[in-house]
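The values are calculated or read from the model by the stated rules, or taken from the named source; none is laboratory data. Source: prediction; values computed, not measured. Neighbour counts run over all protein chains shown; Cβ positions are idealised from the backbone, glycine included. Note: areas computed on protein heavy atoms with side chains; ligands, DNA, RNA excluded. Shrake-Rupley method; radii C 1.70, N 1.55, O 1.52, S 1.80 Å.
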Amino acid sequence: MLEISVNILVIKIGSNIITDDGGLSQSRINALASDISALHSTGYATVVVSSGAVAAGRSKLGIRGRIQDINLKQAAAAVGQSSLVLAYERAFGAHGKKVAQVLLTRDAFSDRKRYINGKNTLVTLLGLNVIPIINENDTVSIDELKFGDNDSLAALVASMLDAGRLIILSDVDGLYTDDPRKNAQAVLIPTVTEITPELEALAKGAGSISGTGGMYSKLTAAKMATRCGIVVNIVNGRRADLLSSVLNGRVAGTEFTPTVKRYAARKGWIATGIRAVGTLSLDAGAVKAITCAGKSLLPSGITSLEGEFERGDALYCVNTEGKRIAKGLVNYSQKELQAIIGLKTDQIQAVLGYKYSDEVIHRDNMIIL
């Protein structure tokens, strides 16, 4: 089986890169497959996260414009997904490469057992020199199970596989100081070492008719991946040979450098896989203990809580200003924790009649944000 390594490359391809007015553009897919196959042949274990099923289905069904009705969108995805995978199979097959279709929903990441199983399947495919073509399973996805956009899906896949790099192909050259399609004075930002609120404000905007995400969704994905120690590049997917330029260290698009060292596998899952369903507000002493002293969270440091949750769910921890400082798996349910917040650990059993743990969130099940 393939060893997880920095040689794993995740490439996200948006609908607007591989579609035109007539639906899927086989010529664009062929060009991308040629570039990706060249990288694959040099030793990169490559995963493709590709949108395009809905756009392909919309074209085949003769539907014009963005689809608003969820049932119609899911039907279009069902019609278009086979065309999307067939187009990739033909394109990669011309270079002697095999592909596999993988459709995912959000719960494949939030459930620990499914997460590990999905990871093992992808690693096995990579070990067989197969290129997985991953897409969201739009046909069955509901709001609770949706990623929102394939940029987020690509970041989750990159984190799952401990990839070395995530390359997001856009219809612009990268992140600019303003929208280059509206402002000719906009300047490309070549390197980002920290994704600030100001930078996020720059990226706000709607996506194209073929996709669900604009630059903001790409920035959100970059933030997610860099927090897991992954290098992220946003480049123009319509330009040839940019993928090799990125991997050879030549300036291309915008590169986001990792903000932390790589998480261990379990903490990587906590960071990106499982969704937080509630929030714990901490006092200044607990914040300092967690962020500076490497301590676990005790009930005495909690001032209030929000959300409905059970033991084992993921929660955010916020400081006195409401800023998220950590995320972790809680050892008590919402009802249990409500009864013991602010108490000393030796008081837990007297109040509840039992005690799972002294810690509300153990350090081993916590990541610092």
Query raised in the report: Out of curiosity, is GLU308 in contact with a helix residue (DSSP H, G or I) (Cβ under 8 Å, 6 or more places away or on another chain), open to solvent by 30 Å² or more (accessible area, probe 1.4 Å) and not hydrophobic (A, V, I, L, M, F, W, C)?
Result: yes
Query - Filter pass, GLN26 being open to solvent by 60 Å² or more (accessible area, probe 1.4 Å), more than 30 Å from ILE270 (Cβ to Cβ) and touching a residue at least 60 places away in the same chain (Cβ under 8 Å) - result: yes
Report task. Residue by residue through region 256-305, note down the ones that are among the aromatic types (Phe, Trp, Tyr) and open to solvent by 30 Å² or more (accessible area, probe 1.4 Å). Result -> TYR263
Query raised in the report: Looking at region 63-90, which of the residues that are among the β-branched types (Val, Ile, Thr) and without any contact (Cβ under 8 Å) to a residue 24 or more places away in the chain is surrounded by the fewest Cβ atoms within 10 Å (Cβ to Cβ)?
Result: ILE70
Query raised in the report: In region 162-198, which residues are open to solvent by less than 50 Å² (accessible area, probe 1.4 Å) and of a type in the set (A, V, I, L, M)?
Result: ALA163, LEU166, ILE167, ILE168, LEU169, VAL172, LEU175, ALA186, ILE189, VAL192, ILE195
Query raised in the report: How do the pairs read when you match residues in region 111-128 that are closer than 27 Å to ASP313 by Cβ and in contact (Cβ under 8 Å) with a residue 12 or more places away in the chain with residues anywhere that are of a type in the set (D, E, K, R) and surrounded by 14 or more Cβ atoms within 10 Å (Cβ to Cβ), using Cβ under 8 Å and keeping only pairs 6 or more apart or on different chains?
Result: none
Query raised in the report: What is the residue count in region 10-23 for residues that are of a type outside the set (S, T, N, Q), crowded, with 24+ Cβ neighbours inside 10 Å and either modelled with pLDDT of 95 or more or outside any helix (DSSP H, G or I) (or both)?
Result: 5
Query raised in the report: In region 314-335, which residue that is touching a Lys or Arg at 6+ places or on another chain (Cβ under 9 Å), of a type outside the set (A, V, I, L, M, F, W, C) and crowded, with 20+ Cβ neighbours inside 10 Å is nearest to ASP107 (Cα to Cα)?
Result: GLY328
Report summary line: Note on region 102-138: residues closer than 18 Å to GLY52 by Cβ and either touching a Lys or Arg at 6+ places or on another chain (Cβ under 9 Å) or open to solvent by less than 60 Å² (accessible area, probe 1.4 Å) (or both) are VAL102, LEU104, THR105, ILE131, PRO132, ILE133, ILE134, ASN135, GLU136, ASN137, ASP138
Query raised in the report: Which residue pairs have Cβ atoms under 6 Å apart, sit 6 or more places apart or on different chains, and have a first residue in region 42-62 that is at pLDDT 90 or above and open to solvent by 10 Å² or more (accessible area, probe 1.4 Å) and a second that is part of a strand (DSSP E or B) and not aromatic (Phe, Trp, Tyr)?
Result: TYR44/LEU9; ALA45/ILE8
**Report entry** Cross-chain or 6+ apart pairs with Cβ under 8 Å, region 253-276 first and closer than 22 Å to PHE109 by Cα, then at pLDDT below 75 and not aromatic (Phe, Trp, Tyr)
**Finding:** GLY268/ARG262
Report task. Kindly indicate whether any position in region 263-284 is modelled with pLDDT of 95 or more and under 30 Å from VAL231 (Cα atoms). Result -> yes
Query raised in the report: Taking region 6-44 only, how many residues are under 21 Å from the mean Cα position of the chain (by Cα) and among the small types (Gly, Ala, Ser)?
Result: 2
